[in-house]
There are 2 protein chains.
Amino acid sequence: MEGDGTQDLKHCDRDDVSHLALDIGGSLIKMVYFSSSSGCSSDDQINGYLKDGFDVSSGTSNHRVLRRKLHFLKFETSKISECIKFISSKHLQYGDQDDKDLDSDKNIVKATGGGAFKFADLFKEKLGIILDKVDEMSCLVAGANFLLKAVNREAFTYMESQKDFVQIDHKDLYPYLLVNVGSGVSMIKVNGDNDFERVSGTSVGGGTFWGLGRLLTKCKSFDELLELSHQGNNRVIDMLVGDIYGGTDYSKVGLTSTTIASSFGKAISENKELDDYRPEDVARSLLRMISNNIGQIAYLNALRFGLKRIFFGGFFIRGHAYTMDTISVAVNFWSKGEAKALFLRHEGFLGALGAFMNYEKNGFTDIGHQFMQQPSANKSSTHSDVQDNGCIECRVEVRD
Amino acid sequence: MEGDGTQDLKHCDRDDVSHLALDIGGSLIKMVYFSSSSGCSSDDQINGYLKDGFDVSSGTSNHRVLRRKLHFLKFETSKISECIKFISSKHLQYGDQDDKDLDSDKNIVKATGGGAFKFADLFKEKLGIILDKVDEMSCLVAGANFLLKAVNREAFTYMESQKDFVQIDHKDLYPYLLVNVGSGVSMIKVNGDNDFERVSGTSVGGGTFWGLGRLLTKCKSFDELLELSHQGNNRVIDMLVGDIYGGTDYSKVGLTSTTIASSFGKAISENKELDDYRPEDVARSLLRMISNNIGQIAYLNALRFGLKRIFFGGFFIRGHAYTMDTISVAVNFWSKGEAKALFLRHEGFLGALGAFMNYEKNGFTDIGHQFMQQPSANKSSTHSDVQDNGCIECRVEVRD
C-alpha cells in the first residue's frame with residue numbers, strides 16, 4: 001500500500017488532467033480523475049499512480065473523437081500530505097482549462113467519506129480547494145450501479161479459486177445488497193438508481209484486520225499482511241469442531257470436524273505466547289474470522305430483505321483470492337447453498353467513482369451516461385470490457 | 001477461573017454425593033452433582049467447589065423430608081486431570097449407594113459437550129466411568145427450559161448497570177432464541193420442551209476473547225482479562241465515526257460520532273506498537289467487538305424467525321456487567337429498541353444441568369419436576385428463589 005501515488009511524480013506531466021474526485025476514508029484516500037491523454041495513453045506513463053483506468057476513445061473519420069481516461073489511485077489517510085503533494089504536482093486543483101463544458105468554479109472538488117468533513121480546512125489551506133461534500137452512501141451506490149450497468153465482466157463469483165463472471169441483466173439488477181468493506185463495513189439495500197437504505201453494518205472490517213494484524217504480527221503493510229495470510233494455516237490457532245469433539249463431526253447440527261468452533265480458541269493454551277505462533281498462521285486466522293463474519297452478517301441481511309444478490313466491495317477485498325473464497329464459503333454455508341457472494345473488479349473505488357459521477361449533476365460531460373448507454377443502431381454504440389491489466393476500456397462511437 | 005474445584009479437597013468428606021453430570025467444552029468443564037447434605041448444609045462446607053447450589057429441603061412433622069443440594073463447579077478443560085482428581089476424591093463415580101431410586105449401573109455418567117467424545121477413554125481408564133453422551137444442544141435447551149420454568153428471578157435485563165428481573169409466563173415462553181456463548185457461540189430456536197433447532201452461531205465467542213486477549217495482553221486468566229476490560233477505554237484503539245468525520249455524527253444514516261466504525265481501527269497507526277497500548281484498553285476494545293458482534297448476529301436471527309425474546313447464556317457472560325451491557329446495547333441498537341437481551345443468573349451451567357436432567361429419563365428421582373411444579377393446594381407447594389449468595393433455594397413441601 002505504501003508508495004502508491006507518491007513515487008515518480010515526474011511522469012504524466014504531459015497529461016491534461018481534470019475533475020478530481022476523492023473518497024477520504026478512515027484508512028485510505030481513494031482518488032479518481034480524468035486525463036486527456038492523447039500523448040499519454042499507456043499505463044506506464046502513470047506508473048506508480050494508476051490502479052485501474054477507463055479508457056474512453058474512438059477516432060475514425062466519421063466518428064466524433066472522445067479520448068479520455070479515468071484514473072484510480074489510493075493513498076493512506078495517515079499520509080494525506082502525500083495526497084496533497086500529488087494533487088499539487090499535477091495541478092488537479094485547477095481543473096481542465098480547455099474544457100468548455102466544465103464547471104466554472106475550478107476550485108470545487110467533489111469529495112465523500114468522513115475525511116471530506118475532517119480534512120476540509122486542510123484542503124482549503126494547502127490547495128485552495130473547496131471540498132463539495134457528497135453523501136458517502138449515495139456515492140457507494142452510484143459507483144456500484146455505474147459499474148454493474150456499464151462494464152462487462154465487472155461482477156464475478158469466486159469459489160475454490162474459480163472466478164466466474166456473471167452477466168447482470170440491467171432490468172433485473174434491483175434490489176440487491178451492497179456490502180462495502182472499508183475500515184468498517186456498511187450494508188446497503190439498493191432499490192434503484194437513487195433509491196437505497198443503509199440497513200446494517202459491522203465494525204469488524206478492514207480496519208480490524210489491519211489494526212489487529214499489525215498488533216499481532218508486526219507487519220508493515222496491509223498487503224504484506226494479506227500475503228502472509230496466504231501462507232498460513234488457521235488450524236494452528238483456531239479451535240475446530242474436531243478439536244472439541246476428538247476429531248469427529250458434530251453431524252447432528254451440520255458441523256463438520258473442520259468447522260471453526262472458536263476463532264483464536266486454541267490461543268487460550270497456557271503453553272504458548274504470541275511469539276510462539278507463526279505470523280502467517282495468525283494472519284490467516286484473522287482473515288478467516290473477519291471474512292466469515294462479514295459473509296454471515298451480509299447473508300442474514302440479504303435474507304431479511306429477500307435480496308438474492310449480494311455484492312461485496314471496498315478495499316478490504318482488493319481481489320485477494322483467499323478473502324473472496326472465505327466470504328463465498330460463508331455465504332454458501334449460512335445460506336445452505338441458496339445465496340452466492342458476488343465481487344466487483346473495481347471494488348475499491350465505488351465511493352470515489354460515485355463522487356466523480358456527481359459532477360454530472362452539475363452539468364459535467366455525460367461520460368458516465370456514455371458508459372451506461374445501451375447500443376443504439378446508427379446513433380452510438382457502447383462497449384466496455386475489462387482488460388488483462390485490470391483497465392476497463394470503453395469505446396464510445398458516436399456517429400454524427 | 002484457576003483453582004476452582006481443585007483446592008481444599010478435604011472439605012465435604014461427610015457428604016453423600018451422587019449423580020454426576022458433565023459438560024466438557026473446548027475451554028471449560030462444567031460439573032453438576034447432588035449431595036445429601038444433612039450434616040453439610042452450609043455453603044462454607046464446600047468452599048472452593050461450589051458455584052451455586054439448589055437446596056431442596058423440607059422437614060416438619062407432617063411433611064415428607066427431601067433434603068438435597070445441587071452443586072455447580074467448573075474446571076479448565078486443559079486441566080482435566082484436576083477434574084478427574086476431584087471426582088475420585090469425592091467418589092462421585094460410584095453414585096449414591098443408599099438411594100434406592102437410582103440407576104442400577106453406578107458407573108454411567110451423563111456427559112455432554114465435545115469432550116464427552118474426546119475424553120471418553122480417559123474417563124474410562126482413570127475412573128472406570130462410562131460417559132453416557134447426551135446431545136449438546138438438547139442439554140442446553142433442557143437446562144434453559146428448566147431454569148426459566150422452575151426458578152424465580154432467574155431471567156433479567158441489564159441496561160446501564162440496571163438489572164431488572166423478568167417474570168416469564170410459562171404459557172408464553174416459546175418460541176425463544178437461546179444464545180449460548182461458550183468458546184464458540186450456538187444460537188438455538190427453542191419451540192417447546194424438546195423441540196428446537198440450532199439455527200445459527202458464530203466462531204467469534206468466548207474462546208476468541210480469551211485467546212486473542214491472552215496474545216494481546218499477556219493476561220493469565222479469563223477473569224483477569226474481564227477485570228482489565230472494565231478499567232479500559234476502547235476509544236483509544238477503536239476508530240469511531242467521529243474519528244473519520246472530524247468529530248461530527250454521520251446522522252443521515254443514524255451513526256453518532258461515538259459509534260464504533262472500525263474495531264481496532266486506530267491500531268493501524270504506524271506510530272504505535274502493541275506495547276504502546278494499555279492492556280486495559282485492548283481488553284475493552286476486544287470485549288466490545290465480540291459482545292457487539294454476538295448481539296448483532298443474535299438479533300438478526302431473532303428477527304429472521306420472529307422471536308421476541310433472546311436469552312444469552314454460557315460462561316463468556318458470567319454475570320460481567322460490561323459484557324451484558326454491551327450485548328444489551330447491541331440488541332437495542334440493531335433492533336431500534338424493539339428487542340431486549342435477557343440474561344440468566346445460572347448462565348454457565350445450561351449444558352451440565354441439561355445432562356443432569358437426562359437422568360430423569362432413566363427413572364431417576366423427579367427432582368427437576370419438583371422444581372417445575374406449580375403450587376397445588378393441600379398437595380405440595382414449590383417456591384424457588386435466588387438468594388444473595390447466588391444459590392437457588394427451592395423448598396418442596398410435599399404433604400402426605
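The values are calculated or read from the model by the stated rules, or taken from the named source; none is laboratory data. Being a predicted model, the structure only gives us computed values, none of them experimental. FYI the Cβ positions are ideal-geometry reconstructions off the backbone, even for glycines, and counts take in every protein chain you see.
So A:ASP275 fits all but one of (1) farther than 19 Å from B:GLY26 by Cβ; (2) at the interface with chain B (Cβ under 8 Å from one of its Cβ atoms); what number is the exception?
In the conditions (1) farther than 19 Å from B:GLY26 by Cβ; (2) at the interface with chain B (Cβ under 8 Å from one of its Cβ atoms), A:ASP275 misses (2) alone.
Considering only residues that are more than 13 Å from the chain's Cα centre (by Cα) and either under 15 Å from B:LEU177 (Cα atoms) or in a helix (DSSP H, G or I) (or both), which ones fall in segment B:131-141? Please lay out each step first, then the result.
Within segment B:131-141, the first condition is being more than 13 Å from the chain's Cα centre (by Cα), and the residues that meet it are B:131-138.
Passing the criteria: B:GLU136, B:MET137, B:SER138.
Can you tell me which residue among B:GLY337, B:GLY306, B:GLY319 is under 20 Å from B:LYS163 (Cβ atoms), part of a loop (DSSP other than H, G, I, E, B) and at pLDDT 85 or above?
Numbers: B:GLY306 fails: under 20 Å from B:LYS163 (Cβ atoms); B:GLY319 fails: at pLDDT 85 or above.
Matching residue, one of B:GLY337, B:GLY306, B:GLY319: B:GLY337.
If you scan segment B:261-273, which residues turn out to be assigned to a helix (DSSP H, G or I) and either of a type in the set (Asp, Glu) or touching a Lys or Arg at 6+ places or on another chain (Cβ under 8 Å) (or both)? Talk me through it step by step, then tell me what you get.
First, the residues of segment B:261-273 that are assigned to a helix (DSSP H, G or I): B:265-268.
Correct list: B:ALA267, B:ILE268.
Check every one of the strands (runs of 3 or more DSSP E) wholly within segment B:152-260 and list those with 2 or more residues that are of a type outside the set (A, V, I, L, M), without any contact (Cβ under 8 Å) to a residue 40 or more places away in the chain and within 14 Å of chain A (Cβ to nearest Cβ). Don't jump to the end; show me each part of the working.
On the way: elements: B:155-159, B:162-165, B:176-181, B:185-192, B:195-202.
Filter on segment B:152-260 gives B:195-202.
Hey, among the residues in segment A:208-242 that are of a type in the set (Gly, Ala, Ser) and within 22 Å of the chain's Cα centre (by Cα), which one's modelled with the lowest pLDDT?
Restricting attention to segment A:208-242, the residues satisfying the condition of being of a type in the set (Gly, Ala, Ser) are A:211, A:213, A:221, A:229, A:232, A:242.
Narrowing the set further to residues that are within 22 Å of the chain's Cα centre (by Cα) leaves A:211, A:213, A:221, A:229.
On the way: A:GLY211: 96, A:GLY213: 97, A:SER221: 89, A:SER229: 92.
Selected residue: A:SER221.
With respect to A:LYS149, determine if the residue is assigned to a helix (DSSP H, G or I), surrounded by fewer than 17 Cβ atoms within 10 Å (Cβ to Cβ) and basic (Lys, Arg).
Numbers: assigned to a helix (DSSP H, G or I): yes; surrounded by fewer than 17 Cβ atoms within 10 Å (Cβ to Cβ): no; basic (Lys, Arg): yes.
Here the answer is no, as A:LYS149 does not meet what is asked.
Specify which of the listed residues (A:LEU344, A:LEU300) is touching a Leu at 6+ places or on another chain (Cβ under 8 Å) and either within 14 Å of chain B (Cβ to nearest Cβ) or basic (Lys, Arg) (or both). Break it down stepwise before answering.
Details: A:LEU344 fails: either within 14 Å of chain B (Cβ to nearest Cβ) or basic (Lys, Arg) (or both).
One residue alone meets the criteria, A:LEU300.
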